[in-house]
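In what follows, a structure is listed as structure tokens, so that the remarks can point back to it.
The values are calculated or read from the model by the stated rules, or taken from the named source; none is laboratory data. The model shown is predicted, which means the values in this text are computed figures rather than measured ones. For neighbour counting, all protein chains shown are included, and Cβ atoms are generated from backbone atoms with ideal geometry for every residue, glycine included. Quick note on the areas: whole protein, heavy atoms, side chains included, nothing else; ligands and nucleic acids left out. Shrake-Rupley method; radii C 1.70, N 1.55, O 1.52, S 1.80 Å.
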There are 2 protein chains.
Amino acid sequence: MANINDYIENNKDRFLNELLDLLRIPSVSADSKFKGDVLKAAEFIHGKLLEAGADIVEICPTGGHPIVYGEKIIDAKLPTVLVYGHYDVQPADPYELWDSPPFEPVIKTTEIHPEGAIFARGACDDKGQVYMHIKAFEAMMKTDTLACNIKFLIEGEEEVGSDHLGIFLEENKEKLAADIVLVSDTGIIANDVPSITVGLRGLSYVQVEVTGPNRDLHSGLYGGAVPNPINVLAEMIASLKDENKKINIPGFYADVIELSADERAAMALAPFDEEEYKKSIGLSATEGEAGYTSMERSSIRPTLDVNGIWGGYIGEGAKTVIASKAYAKISMRLVPNQDPDKITKLFQDHFTSIAPPSVKVKVIPHHGGKPAVTPTDSPAYIAAAKAMETTFGKVPVPFRGGGSIPIVALFEQTLGLKTVLMGFGLDSDAIHSPNEHYGVFNYFKGIETIPLFFKNFAELND
Amino acid sequence: MANINDYIENNKDRFLNELLDLLRIPSVSADSKFKGDVLKAAEFIHGKLLEAGADIVEICPTGGHPIVYGEKIIDAKLPTVLVYGHYDVQPADPYELWDSPPFEPVIKTTEIHPEGAIFARGACDDKGQVYMHIKAFEAMMKTDTLACNIKFLIEGEEEVGSDHLGIFLEENKEKLAADIVLVSDTGIIANDVPSITVGLRGLSYVQVEVTGPNRDLHSGLYGGAVPNPINVLAEMIASLKDENKKINIPGFYADVIELSADERAAMALAPFDEEEYKKSIGLSATEGEAGYTSMERSSIRPTLDVNGIWGGYIGEGAKTVIASKAYAKISMRLVPNQDPDKITKLFQDHFTSIAPPSVKVKVIPHHGGKPAVTPTDSPAYIAAAKAMETTFGKVPVPFRGGGSIPIVALFEQTLGLKTVLMGFGLDSDAIHSPNEHYGVFNYFKGIETIPLFFKNFAELND
């Protein structure tokens with residue numbers, strides 16, 4: 001494929017600059033004040049798919065943010081690859097912790113990225129990775145090397161739970177018919193240790209609200225005699241884990257399939273340096289469920305984390321107030337065989353049951369996603385592994401990740417399709433954090449690898 | 001004193017309108033963006049003291065907000081009353097919970113205030129109460145009935161711990177020489193149950209900060225393996241009280257003097273209706289230290305309350321983040337014989353000692369105040385009790401309050417002066433809360449009662 005490699009090489013500057021343009025659009029799906037920008041990002045994707053050579057491209061309205069659909073059918077007899085990604089991004093706050101503004105991308109070298117990395121919200125998750133597919137598609141079209149039919153499904157609600165994707169899949173089963181889903185929204189272990197994600201954790205996300213008195217009270221006049229909703233919330237949260245950091249919700253672990261000793265031993269072979277891990281995030285000690293390693297705790301074990309908490313006076317100085325209400329956002333990562341709806345219900349029942357009689361408690365489910373494990377012996381996995389072996393010069397490691405891509409379960413359930421998670425990010429890319437970035441090396445490595453996947457997949461299906 | 005009563009009656013509208021003007025100045029001492037308004041309030045007080053007839057009035061600079069000093073010496077042989085109050089107010093947020101803007105006072109009737117109440121931040125605490133003294137002084141001056149020398153000390157930092165008052169008292173001992181301090185910054189039990197506060201709780205106030213990883217992390221990639229500072233903070237806060245709601249800090253109760261059974265029995269005679277209490281603040285159950293009544297818990301027992309908590313993502317929607325830091329503001333109300341500096345140190349040592357090795361903890365002391373009890377057999381108490389008996393038609397109840405006025409201990413320590421706490425607010429006036437208000441009845445009752453205190457105090461010292 002010398003031809004396509006030349007094409008990529010000759011267009012690198014433009015490929016990079018177009019991504020920077022996309023990153024300048026603050027398409028934060030969680031915050032309604034960015035609604036117009038989310039639509040702008042959808043229109044950008046729409047335009048680029050058309051330019052690249054898609055036959056049909058549509059901005060499909062949903063009950064929330066729109067879905068961009070595109071396709072290029074070259075031969076009904078060839079296999080079809082459905083490329084999924086998302087053009088929405090996580091909120092960028094706290095803004096003050098960014099070294100450069102989140103929606104003004106800059107390229108800087110880092111220790112891990114000596115060839116430079118693009119710093120911007122969404123650089124890695126998922127605009128940078130989704131745009132690799134659009135540019136790989138362009139390269140295949142312009143060099144006449146597209147080996148499969150291709151369909152694009154690029155949504156704008158991944159960061160808020162893909163609420164309207166399920167209905168869209170249901171209503172467009174025929175249109176979306178394919179042989180495999182290809183997604184780049186995960187990472188590799190290191191730039192010299194390629195890997196493919198074969199497992200993902202699911203997610204249950206709730207917001208809780210504890211109400212004590214019906215108005216804020218003076219802590220001198222009332223303190224000691226009335227329930228303080230912040231203290232109560234802290235006590236309730238604390239009680240959710242025992243001294244071994246096991247989650248105390250009855251039934252929480254009931255459906256978890258424990259890995260065998262052999263499986264755990266195999267997992268332990270993946271390169272992982274605990275000291276390096278601690279150093280990279282400034283910790284003197286890690287912390288987690290007793291009896292498991294850090295790598296296991298963050299991949300094969302379910303978790304419970306408070307993602308946000310607020311209540312009372314949080315301004316400058318001191319205010320002696322007992323708040324009327326306290327709030328927290330709490331999420332649970334789930335492992336294969338745990339069901340997010342069931343876990344959300346268990347949480348709701350338990351959290352309500354442990355509330356002292358002096359307060360009122362509300363639990364509002366936000367969104368959930370099913371955990372997933374993908375097989376390593378399918379043609380699609382082999383096509384991806386061979387593509388990476390070619391471009392990285394090493395066989396990729398099959399790896400179980402800690403994050404959640406709920407759509408993997410959704411595709412299986414609604415469309416009956418398996419997914420290959422061929423992502424090119426790094427854990428250190430700070431996705432969902434200030435100073436998110438994506439390596440220039442990784443961006444172009446992705447653009448080079450993707451056409452090989454199409455080629456291999458077509459051959460294996462021949 | 002028919003003359004002075006006529007004067008007050010004839011000037012009621014102006015007395016009220018002037019207070020509304022003062023309430024329109026947002027003199028929030030805790031927030032530096034209101035610095036200019038705090039000064040404006042000082043200038044307002046300065047002008048009104050001059051108009052009322054003070055000989056000397058000064059705006060005295062301090063290391064923080066200024067102190068307004070004023071005096072009228074009529075005869076060196078007469079006793080001198082030092083009137084203390086504060087013109088600064090608590091922050092008004094959360095603004096959205098106010099029915100009308102906090103710095104645009106309105107008068108509305110309520111069930112408890114059929115004659116109307118003034119709704120505004122500071123209406124009761126303490127602008128409304130301090131302004132009663134200025135108008136009572138004016139009335140005494142204009143009717144030539146001032147029976148004692150009078151000095152005014154109106155500060156602008158009461159709501160942030162009176163940080164510069166101690167130095168000011170030290171440096172102005174001679175100027176401030178007096179026989180008694182008179183303060184209206186407390187309340188009465190009800191408009192038909194007058195009372196005088198004879199005990200106050202002290203205060204220790206700290207801010208805590210828990211740091212986990214050195215940056216916000218993606219909860220999917222890292223969740224389960226790293227300390228989540230919000231979960232850790234919740235666990236640390238929860239551990240500060242045991243199942244009987246006793247405070248778990250070693251040595252916390254060491255200096256508390258337990259009341260005798262007789263003292264507790266006497267206290268239980270004060271009118272208090274638990275059902276009414278719960279109803280007034282919308283609770284189905286009260287909560288507090290085992291073995292004590294609600295009234296005891298909020299007055300003679302020390303407490304620990306979280307006044308504010310924050311960390312992680314608190315915006316709209318869901319963000320799957322593990323925060324780098326979590327914060328809380330925590331205050332402890334102290335009872336006689338507990339020392340705020342000692343308690344702050346105990347808290348600091350304990351809170352640091354219970355932190356798990358995976359996090360870093362900072363404890364920043366904000367401000368403190370000593371608890372106080374005042375005698376009921378002094379001429380000043382008797383003068384106040386008789387004045388209230390005249391205007392209310394009932395002997396006031398001596399009452400131990402739950403709030404803190406740290407300056408009471410400061411006056412005793414620095415100037416050797418006792419304080420009389422003759423306040424006219426109600427617990428239901430929502431001080432420090434949205435919709436703070438002050439009864440029009442209470443405002444004028446104060447203006448009528450204060451001159452009687454001066455008359456009685458002069459006679460008792462004759």
Review point. Over region B:103-177, what is the relative contact order in whole percent, taking alpha-carbon pairs under 8 Å and six or more residues apart?
Key: 14
Study note, to complete from the structure: Which residues qualify? For B:HIS86, with a placed amide H closer than 5 Å and at least 5 residues away or on another chain, they are B:GLU155
Point to revise | Efficiency of FRET from Cβ geometry, B:ASP75 and B:GLU171, R₀ 30 Å, rounded to 0.05 | key: 0.70
Point to revise | D (Stokes-Einstein, µm²/s), Kirkwood Cα radius, region A:296-375, 1.002 mPa s at 20 °C | key: 140
Exercise for review: Note down the relative contact order for chain A as a percent, whole number, built from C-alpha pairs under 8 angstrom at least six residues apart.
Suggested key: 25
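So how much accessible surface do A and B hide from each other in total, probe 1.4 Å, in square angstrom to the nearest 100? Walk me through the numbers on the way to the answer.
Working: alone 20430 and 20440 Å², together 33220 Å².
Summing both sides, the interface buries roughly 7700 Å².
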Practice item. Give the angle, between 0 and 90 degrees and rounded to the nearest 10, that separates the Cα long axis of helix A:379-392 from the longest principal axis of the Cα atoms of chain A. Key: 80
Check your understanding: On a 0 to 90 degree scale, rounded to 10, what angle separates helix A:440-460 from the longest Cα axis of chain A?
Key -> 60
**Study point:** In sequence order, calculated HN-Hα J values of region B:213-227 (Karplus, 6.51, -1.76, 1.60; Hz; x Gly/Pro)
**Key:** x, 7, 7, 4, 10, 6, 5, x, 6, 10, x, x, 10, 10, x
Study note, to complete from the structure: Averaged per residue, the 1.4 Å probe accessible area of the protein assembly as shown, protein heavy atoms only, in Å², is roughly 36
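Holding the Cα-Cα limit at 31 Å, pick out from B:LYS279/B:LYS360; B:LYS72/B:LYS342; B:LYS40/B:LYS108 the pairs that are longer than that. Let's see the in-between values first.
Values: B:LYS279/B:LYS360 42 Å; B:LYS72/B:LYS342 40 Å; B:LYS40/B:LYS108 27 Å.
In this structure, B:LYS279/B:LYS360; B:LYS72/B:LYS342 exceed 31 Å between Cα atoms.
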Check your understanding: Sorted from shortest, what are the nm distances separating the label point of B:ALA190 from equivalent points in the other copies, each placed 7 Å from Cα along Cα to C-beta?
Key -> 7.6
Review point. Of A:PRO365, A:ALA383, A:GLY423, which is farthest on the positive side of the dipole of region A:350-429, counting Cα position, with +1 on Lys and Arg Cβ, -1 on Asp and Glu Cβ, and the Cα centre as origin?
Key: A:PRO365
Check your understanding: Can you give the calculated 222 nm mean residue ellipticity of the protein assembly as shown, where each DSSP H run of n ≥ 4 adds -39,500 (n - 2.57) and the sum is split over every residue, rounded to the nearest 500 deg cm²/dmol?
Key -> -10000 deg cm²/dmol
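Using a 10 Å cut-off on Cβ atoms, rank the peptides B:117-123, B:324-330, A:361-367 from the highest mean neighbour count down.
Working: B:117-123: 28.9, B:324-330: 23.7, A:361-367: 17.6.
Result, highest mean Cβ count within 10 Å first: B:117-123, B:324-330, A:361-367.
Give me the extension gain from A:SER32 to A:ILE189: residue separation times 0.36 nm, minus the current Cα-Cα distance, reported in nm with one decimal. Kindly include the intermediate steps, with their values, before the conclusion.
Details: separation 157, 0.36 × 157 = 56.52 nm, distance 3.49 nm.
Going from the current span to full extension adds 53.0 nm.
How well do other chains shield peptide A:291-302, expressed as the mean number of their Cβ atoms within 10 Å of each residue Cβ? Kindly include the intermediate steps, with their values, before the conclusion.
Values: counts 0, 2, 1, 4, 1, 2, 5, 8, 5, 1, 3, 2.
Mean shielding by partner chains, rounded to a whole number: 3.
Only bridges with both residues in region A:69-198 count here: give the DSSP antiparallel percent, nearest 5. It would help to have the intermediate numbers written out before the result.
On the way: 8 of 19 bridges.
Around 40 percent antiparallel, to the nearest 5.
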Point to revise | Residue-by-residue Karplus 3J(HN,Hα) for region A:90-98, coefficients 6.51, -1.76, 1.60, Hz, glycine and proline x | key: 5, x, 9, 5, x, 4, 5, 8, 7
Review point. Counting DSSP beta bridges with both partners in the protein assembly as shown, what percentage is antiparallel, nearest 5?
Key: 70
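Looking at region A:236-297, which GluC sites (Glu not before Pro) are DSSP coil and have at most 13 other C-beta atoms within 10 Å of their C-beta? Please report the intermediate quantities before stating the final value.
Values: sites: A:GLU243, A:GLU258, A:GLU263, A:GLU274, A:GLU275, A:GLU276, A:GLU287, A:GLU289, A:GLU296; in loops: A:GLU243, A:GLU258, A:GLU287, A:GLU289.
Answer by residue number: A:GLU243, A:GLU258.
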Study note, to complete from the structure: Given the candidates B:GLY317, B:ASN17, B:VAL28, the one whose Cα lies deepest towards the positive end of the charge dipole of chain B, counting +1 at each Lys or Arg C-beta and -1 at each Asp or Glu C-beta, is B:GLY317
Exercise for review: Just name one of B:ILE196, A:ALA270, B:GLY291: the one whose Cα is farthest towards the positive end of the charge dipole of the protein assembly as shown (beta-carbon charges, Lys/Arg +1, Asp/Glu -1).
Suggested key: B:GLY291
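Roughly to the nearest percent, how much of the accessible area of region A:301-391 is carbon and sulfur, given a 1.4 Å probe?
Details: 1780 of 3190 Å².
Roughly 56 percent, rounded to a whole number.
Provide the FRET efficiency to the nearest 0.05 for the A:LEU39-A:ASP99 pair, computing r from the beta carbons and using R0 = 22 Å.
Details: r = 29 Å, r/R0 = 1.32.
Efficiency, from the Cβ-Cβ distance: 0.15.
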Exercise for review: Kindly provide the GluC sites (Glu not before Pro) of region B:116-180 that DSSP labels as loop, not H, G, I, E or B, and whose Cβ sees at most 14 other Cβ atoms within 10 Å.
Suggested key: B:GLU174
Exercise for review: Find the Rg to Rh ratio for region A:1-78, where Rh is the Kirkwood radius over alpha-carbon pairs and Rg uses the same atoms.
Suggested key: 1.07
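Please report the antiparallel percentage of the DSSP beta bridges confined to chain B, to the nearest 5.
On the way: 48 of 68 bridges.
Within chain B, antiparallel bridges account for around 70 percent of the total.
Counting other Cβ atoms within 10 Å, keep those with at most 16, restrict to DSSP loop, and tell me which chymotrypsin sites (Phe, Trp or Tyr not before Pro) in region B:204-286 are left.
Values: sites: B:TYR205, B:TYR222, B:PHE252, B:TYR253, B:PHE272, B:TYR277; in loops: B:PHE252, B:TYR253, B:PHE272.
Sites meeting the loop and neighbour criteria: B:TYR253, B:PHE272.
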Review point. Put simply, what bits of region B:314-332 lose 20 Å² or more of accessible area when the other protein chains are there, versus the chain on its own (1.4 Å probe)?
Key: B:ILE314, B:GLU316, B:GLY317, B:ALA318, B:LYS319, B:THR320, B:VAL321, B:LYS329
Check your understanding: Per residue and in cubic angstrom, what volume does the convex hull of the Cα atoms of chain A have?
Key -> 156
Exercise for review: Evaluate peptide A:397-404: per residue, the Cβ atoms of other protein chains within 10 Å of its Cβ; return the mean as an integer.
Suggested key: 3
Revision key, fill the gap. B:VAL373 and A:ASP242 label points (each 7 Å along its Cα→Cβ direction) are spaced in nm at 4.7
Study note, to complete from the structure: Square roots of five times the C-alpha gyration tensor eigenvalues of the protein assembly as shown, ordered largest first and given in whole Å, equal 67, 27, 23
Review point. What is the dipole size for the protein assembly as shown, taken about its Cα centre, with +1 at each Lys and Arg Cβ and -1 at each Asp and Glu Cβ, in debye to the nearest 20?
Key: 540
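Let me check against my output: what whole-number percent is the relative contact order of region A:1-145, with C-alpha pairs under 8 Å and at least 6 apart? Provide the component values of the computation, followed by the final result.
Details: 186 pairs, mean separation 39.4, N = 145.
Computed value for region A:1-145: 27 percent relative contact order.
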Revision key, fill the gap. Expected vector for region B:150-167, Karplus 3J(HN,Hα) from phi with 6.51, -1.76, 1.60 and θ = phi - 60°, integer Hz, x for Gly and Pro, equals 9, 10, 10, 9, 10, 9, x, 9, 5, 7, 10, x, 6, 4, 9, 6, x, 4
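Compute the orientation-averaged projected area for region A:170-230 from the convex hull of its Cα atoms and round it to one decimal in nm².
Averaged projected hull area, Cα only: 10.9 nm².
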Check your understanding: Per residue of B:428-440, what is the mean number of Cβ atoms on other protein chains within 10 angstrom of that residue's Cβ?
Key -> 3
